[in-house]
Amino acid sequence: MTAQHTLHTVRRLPRTLALRLGVPVVAVALWQLAARAHGNVFFPTPARIVEHGYHLWFSGPAGRAFLTDGAVRDLLPSLGRVLAGFALAAVLGIVLGLALGRSRTVYALCDPVLQFARAVPPPALVPVFVVVFDLGTPMQLASIVFGAIWPVLINTAEGVRGIDPLRLDVAATMRMRPAERIVLLYLPAALPRIFAGLRLSLSLSLILMVFSELLPGTADGIGFQLTDAQTRSDLLTVWAVMVLLGALGHLLNSVLLTLERLALGRHRAAHRS
């Protein structure tokens, strides 16, 4: 059965690759042809953009994973900020969501505050963050966490609230302790909603990372490099940064989707057994 499944997967691989890569390849090819035909300095060809990005960030020595000084100065700090902000938002969102979702009364009391807080755009709170945290990485992380926490928190709370009451009765009959209920009941039941919130949170984290690096007082990062390139009218670098951000977002989302499939697959297998 496993061999048949593997053979079937191999046979479907060309079709799968064609479906996933067909549209992007055609779009890039059309972009390349149109840019070469018009020769507009504001719209360089994808080949020039990729070549420029390679020299900017990935033409370094092999001992440093081919990262250039520019990548170490700008790319790695941005990656650290987005991952740290996303991780903090995920942990805080899941913990607070579990706490709120377990009690309908607490959730009803806190819901107006949650809806008000998540409606406030993080850029509007920058002056507050500057006063509280000062300029620099703490303020940038605060901006990311504040904007990215809400999808995780609300989805976690809704996932916990949606648990079948019969399962709660069984847990009460078995006299499960609070920690056991969280690990064996609440988290597994809310897992699909949690991952839905994490995907939204990851996208917001990347957007807010760039925004936080556009603010005065920032001396490194992809957002800083984008602002610097715009100031110098370095359009090729502007395009390279935008392509890099798109590729980075796609890569991070693919990693999260892989983790989601693994976690949900194990959860379904355990539930069936």
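The values are calculated or read from the model by the stated rules, or taken from the named source; none is laboratory data. As the structure is a computational prediction, the values presented were derived from the model and not from experiment. Glycine also receives a Cβ, built like all others from the backbone with ideal geometry; neighbour counts cover every protein chain displayed. Accessible surface is based on the protein model in full, side chains and every heavy atom, while ligands, DNA and RNA are left aside. Shrake-Rupley method; radii C 1.70, N 1.55, O 1.52, S 1.80 Å.
Among residues of segment 44-66 being in a loop (DSSP other than H, G, I, E, B) and loosely packed, with under 13 Cβ neighbours inside 10 Å, the one that is modelled with the highest pLDDT is Pro61.
If I go through segment 82-99 residue by residue, how many of them are within 17 Å of Ala247 (Cα to Cα) and either among the charged types (D, E, K, R) or buried (at least 18 other Cβ atoms within 10 Å of the Cβ) (or both)? Number of matching residues: 1.
Under the condition of being among the small types (Gly, Ala, Ser) and in a loop (DSSP other than H, G, I, E, B), which residue from segment 216-266 is surrounded by the fewest Cβ atoms within 10 Å (Cβ to Cβ)?
The selected residue is Ser233.
Go through the residues of segment 117-136 one by one and say whether even a single one is touching a helix residue (DSSP H, G or I) at 6+ places or on another chain (Cβ under 9 Å) and either modelled with pLDDT of 90 or more or among the hydroxyl-bearing types (Ser, Thr, Tyr) (or both). Within segment 117-136, not a single residue is touching a helix residue (DSSP H, G or I) at 6+ places or on another chain (Cβ under 9 Å) and either modelled with pLDDT of 90 or more or among the hydroxyl-bearing types (Ser, Thr, Tyr) (or both).
Just to check your reading of the model, which residue among Ser203, Ser212 is under 29 Å from Val50 (Cβ atoms), open to solvent by 40 Å² or more (accessible area, probe 1.4 Å) and in a helix (DSSP H, G or I)?
On the way: Ser212 fails: open to solvent by 40 Å² or more (accessible area, probe 1.4 Å).
Of Ser203, Ser212, the one residue that is under 29 Å from Val50 (Cβ atoms), open to solvent by 40 Å² or more (accessible area, probe 1.4 Å) and in a helix (DSSP H, G or I) is Ser203.
The residues of segment 67-81 that are touching a residue at least 60 places away in the same chain (Cβ under 8 Å) and open to solvent by 60 Å² or more (accessible area, probe 1.4 Å) amount to a single one, Arg73. Quick check on segment 67-126: of everything there that is basic (Lys, Arg) and in a helix (DSSP H, G or I), which residue is farthest from Val160 (Cα to Cα)? Going through the qualifying residues, I end up with Arg73. Is it the case that some residue within segment 150-163 is assigned to a helix (DSSP H, G or I), over 20 Å from Ala108 (Cα atoms) and either open to solvent by 80 Å² or more (accessible area, probe 1.4 Å) or in contact (Cβ under 8 Å) with a residue 60 or more places away in the chain (or both)? Looking for residues that are assigned to a helix (DSSP H, G or I), over 20 Å from Ala108 (Cα atoms) and either open to solvent by 80 Å² or more (accessible area, probe 1.4 Å) or in contact (Cβ under 8 Å) with a residue 60 or more places away in the chain (or both), one finds none in segment 150-163, hence no. State whether one or more residues within segment 14-27 are modelled with pLDDT of 90 or more and surrounded by 13 or more Cβ atoms within 10 Å (Cβ to Cβ). No, every residue in segment 14-27 fails to be modelled with pLDDT of 90 or more and surrounded by 13 or more Cβ atoms within 10 Å (Cβ to Cβ). Considered as a group, the residues in segment 100-113 that are in contact (Cβ under 8 Å) with a residue 40 or more places away in the chain and either surrounded by fewer than 18 Cβ atoms within 10 Å (Cβ to Cβ) or hydroxyl-bearing (Ser, Thr, Tyr) (or both) include one that is nearest to Arg199 (Cα to Cα), and that residue is Tyr107.
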